[in-house]
Each structure stands twice: as C-alpha cells, then as structure tokens.
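Take a look at the structure set out below.
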Amino acid sequence: MRPDPAAAPRRGRRRSTRPVWDEEPSLLTQTAKTLTLVVICALILIPLYTVVLTSLSTEATINAAGGMVLIPGELTLEAYTTILSGGVVTRSILISIGITTVGTLISTTVSVLAAYGLSRTDSLFHRPLLFVFIITMFFSAGLIPTYLVVSSLGLINSYWALILPGAVSAFNIIIIRSFFMNIDSSILEAARIDGASEFRILGQIVLPMSMAVVAVVALFYGVGYWNSFFNAMLYLPDSSKWPLQMVLRSYVLEGVTLPGSETRPVGVEGYRPPASLALQMAIVVMALVPILLVYPFIQKHFTKGVIFGAIKG
C-alpha cells in the first residue's frame, strides 16, 4: 500500500516553536524600523537644531536665510548676552526656577503623604476618600469657580496662585498608591511591632524602596510647573512677576518687542542689537535647557516607576 502524499510531513520547512513576536525579524522589517526611527529623530532634532542655530546667528545671516537658519553662517552670542543682562528674561528665569522648585517640593510631599494614607486599607475613611480623588480626575469645578476661590483667598498677583490651585494631581497620587500597595506588608508590620511610627515607616522604609516612582512623579510636577503659563495669565496682572513661559508667549507668539533689546551696553564699542528673531529663539532655548538637563538624570527611573506604579496592584 502506497503512503498518502497528503499525510506525509512536508520536508524543507521547519516549524518554529517560538511565538510570532519572538521570531527573528526579517530584513524588510529591520529596514522599515530603522527608517521609521531615523524619520522620527529627524523630525525632533532638525527643528531643535534650527532654533539653536538661529539664536546664535547674526542679523545678516538671518536676513540672508529669510528667517530660520539651516546653514551656519556668522555666529554670535549677542542674543543670549542681551536676555541675560539683568532684564525681564533673567528675572522671569529666576521666577520660574523658584516656582518650579517650591511647587515640586510641595506637590511631591503632599502626593506621597496622601498616597501612603490611601494605600493603608485600614485607614480612616479609606474608600470614600479614594472615591473623591478618582472623581476629581473626570470632573472639575471649572475656570470661573476656581478663579473666584483664588480671588477670595487673596492670591491674585501672588506667586502662590501659580502653585496652590494645581498643587495635587489625583493621577499621580494613584500611581504612587499603587506602588506603595505592592510593598510587602510583613516588613511594615515588623516595623510597627518594633515601635516605629507611621512617619518613620514612610521615611525610612517605604520611600527608600519607592524612589523610582517618586522621581517620576516629581518629574511630572516639575515639567508641569516649568511649562505652565495659563495660571500666570489669569492671576498675575503685573508683568514684572511673569514666569519664563509667559514671557515666551508674549515675546515669541505675540511678537512684543523685548525691553532693553534696543539699548547699547555701556563701554561696548560698535555694539549692534541682535535680530528680533534671534532673541525669540534664544528665549525658546532658555525655556528648553533646564528640562533637557534634568531629564537624563531621571530617565533611568522613568520606565520602571511608571510601569510598576500603573500595572502592579
């Protein structure tokens, strides 16, 4: 009896036992991924390169390029010298640094304390408070009631108006709470048996084990405070108290002339004020630099903190 050809196993074709997503990618797939990454990097780096180069270019180079500069020409630091010579931009940078530092410390501290309390299932009013926090993620009072509350507290034209209205984020609290709930409860119980208070447990046991998620949340708060301009537009009528992002909005988007850019520094012969576009791009660079400097130190904690805080528990 001759064997059935259909029933015989096919030769020359090895069946892989690995799942599809674990197989070796083909040359076409690798090429497509590489091209995609190159395009994404170009879309990010080319505008940044253009902004930095324009901020370093002279008025003649900018006029020859017809706007944003792509090919380097004559370079100068006059734009940065002008905005950092003690004028409105220098003051706004110091204001932004102060608001970001104080706001991040307050927001991170309050979020950690609230998350630790909500992570203890036997704490007082645990479920009702957690429900209230979750509700605030989907519903807010609105702009007018918030403005009336800030006004009634006497915070108009005060730096606290840029910090207190948005000091706590329910989303960040829930991320930290999820991380705290995955800490082995036997460790905490052993500390309580030894007589440790809740604040000591939080400071000496919980926080050292949770630095990744705390660093990520601090980064969220810091970037939010640094990039915020809407609260300043609402609550700070005095332009001398504006943070950097508000100055950026006024002088770059609205095209307002930078005060002091037309003045000639004392003792400098042959000084020519930098082009307005160079000044605008220099302000943009100054707004980007702090975040670019801080992010590499926190990036190693970013993925770990977000994944552990969002998925576990």
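Here, each number is a calculation from the coordinates, and none is a lab measurement. Everything numeric in this text was worked out from a predicted model, so none of it was measured. Methodologically, a virtual Cβ is constructed for each residue, glycine included, from the backbone with ideal geometry; neighbour enumeration extends over all protein chains shown.
Per-structure values
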{"read-out": "Sorted by Cβ density within 10 Å, fewest first, the residues Ser140, Ser239, Ser169", "value": "Ser140, Ser239, Ser169"}
{"read-out": "Nonlocal amide H pairs with Phe229, under 5 Å, H built at 1.01 Å", "value": "none"}
{"read-out": "Exposure proxy order (Cβ contacts within 10 Å, fewest to most) of Val216, Val132", "value": "Val132, Val216"}
{"read-out": "Net charge of neighbours whose Cβ lies under 12 Å from the Cβ of Arg192, counting Lys and Arg as +1 and Asp and Glu as -1", "value": "-2"}
{"read-out": "Ranked Met281, Met181, criterion: other C-beta atoms within 10 Å, fewest first", "value": "Met181, Met281"}
